[in-house]
Each structure stands twice: as C-alpha cells, then as structure tokens.
1. Looking at segment 427-437, is at least one residue touching a residue at least 12 places away in the same chain (Cβ under 8 Å) and farther than 30 Å from F339 by Cα?
2. Which residues, counting only those in segment 280-329, are within 18 Å of V376 (Cα to Cα), buried (at least 23 other Cβ atoms within 10 Å of the Cβ) and aliphatic (A, V, I, L, M)?
3. Is there any pair with a first residue in segment 97-123 that is more than 13 Å from P63 (Cα to Cα) and outside any strand (DSSP E or B) and a second that is of a type in the set (D, E) and at pLDDT below 95 whose Cβ atoms are under 8 Å apart and which are 6 or more apart or on different chains, and what are they?
4. Taking the options E205, E238, name whichever one is closer than 26 Å to L93 by Cβ, surrounded by fewer than 22 Cβ atoms within 10 Å (Cβ to Cβ) and at pLDDT 95 or above.
5. Can you find a residue that is over 23 Å from the mean Cα position of the chain (by Cα), assigned by TED's automatic domain parsing to the domain that holds A301, surrounded by 15 or more Cβ atoms within 10 Å (Cβ to Cβ) and in a loop (DSSP other than H, G, I, E, B) anywhere in segment 397-409?
6. Could you tell me whether G117 is among the small types (G, A, S), more than 21 Å from E416 (Cα to Cα) and over 22 Å from the mean Cα position of the chain (by Cα)?
7. Answer yes if at least one residue in segment 134-143 is over 25 Å from Q412 (Cβ atoms), within 15 Å of the chain's Cα centre (by Cα) and crowded, with 24+ Cβ neighbours inside 10 Å, and no otherwise.
8. Give, as residue ranges, the helices (runs of 4 or more DSSP H) completely inside segment 158-259 that count at least 2 residues that are outside the structural domain of W326 (by TED's automatic domain parsing) and touching a Leu at 6+ places or on another chain (Cβ under 9 Å).
Amino acid sequence: MKTDNIAPITSRRSFLQKTALGAFSLPVLSSLAQAEELMKGKVVGPVLGHIDASTICCFVRAPKEGTIGLELKNSSGKTIQQLTAKAVQDNDLCVQFTVTGLEANTEYHGKFLHEQGQPLFEGANFIVQTAASPEDNKPVILGMGSCISNDKFNDIWKQAKAQKIEGFCLLGDSPYIDSNKLEKNRQRRRDFWTTLPALKSLAREIPFWNTWDDHDFGKNDSDGLMPKKENIRKAFIEYNALANYGENNAGIYTSFRRGPLEVWLIDDRWFSQTEPSWADPKQKTCIGKKQWEWLQQSLKASDAPFKLLCTGMVWYPKGNKEKDHWETYSAEREAIFQFIKKEKIAGVVLISGDIHVSRHHDYGKDRLGYPLHECVVSPMHSSVIKSLDVPHPAKVWSKPAPNVFMTVKADQKQAEFTWINMAGKKLYQFSLSAGELTQA
C-alpha cells in the first residue's frame with residue numbers, strides 16, 4: 001500500500017478536509033476515531049545512533065505494522081547488506097537496525113523499504129560515514145548539549161552542523177517529558193525527532209548518543225524510586241539507537257570510542273536512592289553496584305588519550321535544595337576519583353548539564369594526580385537560572401547564557417572545548433594536552 005501521504009497529516013480537522021476533497025488516495029474514514037487511529041502512524045526518522053568504525057545503529061518509526069527492510073549501499077551504489085525487522089505496536093512501530101562488518105571511514109547510503117520493496121515513506125533514507133579506526137589517529141569533533149526544546153530554536157541545530165561535528169551527545173532533559181506514562185514519553189520523543197527541521201535533517205547525517213536527566217526521567221529532581229520507570233526506559237530504547245542500554249534490563253549507561261575520544265554516558269537516575277551505596281552504606285547509591293563494575297572495567301580497558309565522563313547532573317554542590325548533584329553522592333564520586341588515581345588512568349575530564357548555566361571548573365591535581373576539569377553545558381533552550389551560577393573555588397569561568405552547546409575537538413595530543421551560542425559566537429574556549437592529564 002502506498003503510504004507516502006500519511007506523514008504530512010497534522011490534525012484531525014485538516015486530515016478530514018483533505019480526505020473529503022480527494023487529496024489523499026486513501027479510503028474515506030467513517031469516524032473521527034478512525035482518523036485518530038491513522039494519525040498514530042506518524043513516521044519518525046531515520047535517526048542515526050551509535051556509529052563506530054564497523055557498525056551503524058539506526059531506527060525508524062514505520063507508518064504501520066509489518067516487515068521493514070533496510071538496504072545499505074556504498075557510495076558506488078553497490079549493495080553491501082540487506083536487513084529486515086518487524087514494526088509492531090508493542091514497540092510503538094519503532095524498528096532498530098544494527099549493521100555490522102562495515103569498512104572504517106567509509107560513506108554508506110541507507111534506504112528503508114516496505115516489504116513490497118517500495119520506499120517506506122518520503123525521506124526514509126540516510127547518508128553517513130563510519131568512524132575512522134582509532135589507530136588512524138584522525139582528529140574528531142563532537143557536539144554536546146543539554147536542556148533542549150522540542151519545538152523551538154531550530155537555528156541552534158543549524159549552528160551545530162556548521163561546526164562540522166561528527167556526532168552529538170544529548171546530555172539529558174533531551175527532551176522535556178515530566179511524566180512516567182508510556183504514551184506521554186513516546187509522544188514527546190516522537191516530537192523531539194520530527195518537529196525541528198534542522199535536527200530532523202542532522203539526525204540522518206551524524207550519530208546521536210543520548211542519556212537522561214530528571215525531566216526525561218519522570219519529573220524534576222527524580223531518582224530511581226520513580227514509579228513505572230520501566231515505561232520511561234522502554235520509550236527511551238524505542239526512540240534511540242545506542243549500542244547497548246545498561247545491563248540486565250536496568251539503566252541506560254553506555255560508552256563509545258570516537259578517534260582520540262572515549263565517552264561514557266553514565267546513568268545517574270535509574271539506580272539512585274534505591275539501596276545503600278556500595279562506597280558508603282551511610283549514603284544512598286547513585287550509579288548502583290553493577291554500573292560501578294562496568295565503569296571500572298571499561299575505564300581500565302580504554303587507551304583513549306581523552307576520556308569524557310558525562311552525567312546529566314553536575315559533579316559539585318548544585319546550589320539549591322534539590323538532591324540531584326554529585327555532592328549528594330559524594331562517597332561514590334570520591335570512590336570514582338580514587339579508582340582513577342590508583343589505576344593511573346589518564347585523560348579524564350568531567351562533563352555535565354542540567355543547571356541552565358555553562359561553567360568550567362578546575363579542581364586541581366589532588367583527586368586524580370593531574371588536573372581535574374569539569375565542563376558544564378546548559379541550556380540549549382533559552383531559559384537560564386542565574387541563581388545556580390553559584391560561587392565555587394574551582395570555578396574558572398561561568399555564564400548563564402541561553403541557547404548554548406559545546407564542541408570537543410581532539411587529536412592524539414590535545415582536546416579543545418568550546419561553548420558556542422545559537423548565533424555562532426564563541427562564548428569561551430580552553431584546551432588541555434594529553435600530557436598534562438597524566439600522573440607525573
């Protein structure tokens with residue numbers, strides 16, 4: 001069945017008007033209930049997720065149930081792989097594909113198809129390049145941001161693209177949902193990937209990695225005691241395409257390597273407040289024992305010159321009465337730092353968001369045996385919170401500025417961190433060498 005005409009439907013009234021005029025080659029609907037049922041077929045994507053030197057992860061939301069095909073070709077038009085998967089209502093018609101065995105640093109063209117071989121819908125295609133092999137020592141530039149509007153500030157995504165980023169890390173409140181209801185989470189995530197044209201286009205060109213903060217984990221200042229958090233996780237998995245999502249159906253933590261950068265997206269919500277801390281039973285846990293084991297193993301295994309530890313919440317006292325900052329979980333925070341120092345793990349930098357203020361902290365050498373820096377990047381929308389621009393002895397720079405994202409540009413010897421606003425103005429920039437992020 002031809003379904004290209006389904007995507008533009010934006011309201012019940014406009015759909016029925018167009019149907020009455022014969023603008024759609026679809027059967028006349030007998031009731032508003034049928035019209036609403038058809039509108040559930042809103043398509044999403046394609047959205048590119050985790051991509052490395054040999055793998056492409058992506059997802060698409062189909063207009064209806066059925067078998068969906070992905071045809072992947074190289075830039076010469078040769079078919080490399082053909083995969084199929086089922087779109088089912090239980091997963092909100094979202095279909096994830098993971099293509100493996102690809103060549104590094106190579107352009108691929110993907111097209112999603114109906115089981116009859118026709119395009120799934122208009123625009124159901126992508127062009128993307130796999131990452132270079134880490135051994136190639138190729139420089140890389142990633143974008144990062146938090147606190148993101150679903151329906152405003154399209155130009156910030158145009159500006160992100162203008163920086164020639166190779167991928168983007170969504171650091172939480174991406175999007176704002178403030179509900180544990182499954183359909184609400186699905187709706188807001190559908191809106192996130194479909195409303196802003198520049199984001200919709202960019203998601204077909206570069207990989208996106210995602211984690212959550214509080215407003216996309218139920219409500220403000222939420223924690224792992226959130227009722228029905230399984231609904232939140234289910235919608236998150238449906239509307240992202242990461243390489244993995246935590247372990248044993250718990251959490252969404254993941255990591256990835258991109259050239260000289262390795263990035264950890266630490267889950268600071270799912271496990272928080274659910275049991276005594278593994279670091280100090282007098283405190284509640286933040287990341288949970290299983291995630292702690294994963295973090296230790298993956299940090300020890302990494303040989304990346306720069307290692308970015310990302311969480312939605314900031315690593316210092318936030319400055320208000322809310323508990324969602326690392327000072328609440330100081331025992332686990334300090335245990336992480338002690339482990340890094342003991343194991344002589346080089347190149348660690350902290351990344352965070354949440355507070356609607358951008359900041360750079362330098363905590364000195366005591367904790368890791370080399371300078372420990374934190375980059376706070378928030379918000380990508382326009383609402384700043386000046387009261388959270390708090391004093392701190394480690395503060396080097398801060399600015400409660402609207403519509404801000406950060407780029408991280410790195411080669412084997414140096415990483416450069418730049419805060420940029422929607423107009424393209426560089427608000428602040430600093431660099432770190434791999435040599436200075438190593439114990440003497």
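1. Of all residues in segment 427-437, those touching a residue at least 12 places away in the same chain (Cβ under 8 Å) come to 427-437.
With farther than 30 Å from F339 by Cα added as a condition, the list becomes 427-428.
Taking every residue of segment 427-437 in turn, at least one turns out to be touching a residue at least 12 places away in the same chain (Cβ under 8 Å) and farther than 30 Å from F339 by Cα.
2. Scanning segment 280-329 gives L308, M313, V314.
3. A104/D136; N105/D136
4. Numbers: E238 fails: surrounded by fewer than 22 Cβ atoms within 10 Å (Cβ to Cβ).
Being closer than 26 Å to L93 by Cβ, surrounded by fewer than 22 Cβ atoms within 10 Å (Cβ to Cβ) and at pLDDT 95 or above holds for just one of E205, E238, which is E205.
5. Scanning segment 397-409, I find no residue that is over 23 Å from the mean Cα position of the chain (by Cα), assigned by TED's automatic domain parsing to the domain that holds A301, surrounded by 15 or more Cβ atoms within 10 Å (Cβ to Cβ) and in a loop (DSSP other than H, G, I, E, B), so the answer is no.
6. Values: among the small types (G, A, S): yes; more than 21 Å from E416 (Cα to Cα): yes; over 22 Å from the mean Cα position of the chain (by Cα): yes.
For G117, the condition - among the small types (G, A, S), more than 21 Å from E416 (Cα to Cα) and over 22 Å from the mean Cα position of the chain (by Cα) - is met.
7. Initial filter on segment 134-143 (over 25 Å from Q412 (Cβ atoms)): none.
No, that holds for no residue.
8. Values: elements: 182-194, 197-202, 229-238.
No helices (runs of 4 or more DSSP H) qualify here.
The values are calculated or read from the model by the stated rules, or taken from the named source; none is laboratory data. Fair warning: this is a prediction, and the values are worked out from it, not measured in the lab. Reconstructed Cβ throughout: ideal geometry from the backbone, glycine too, with neighbour counts over all protein chains shown.
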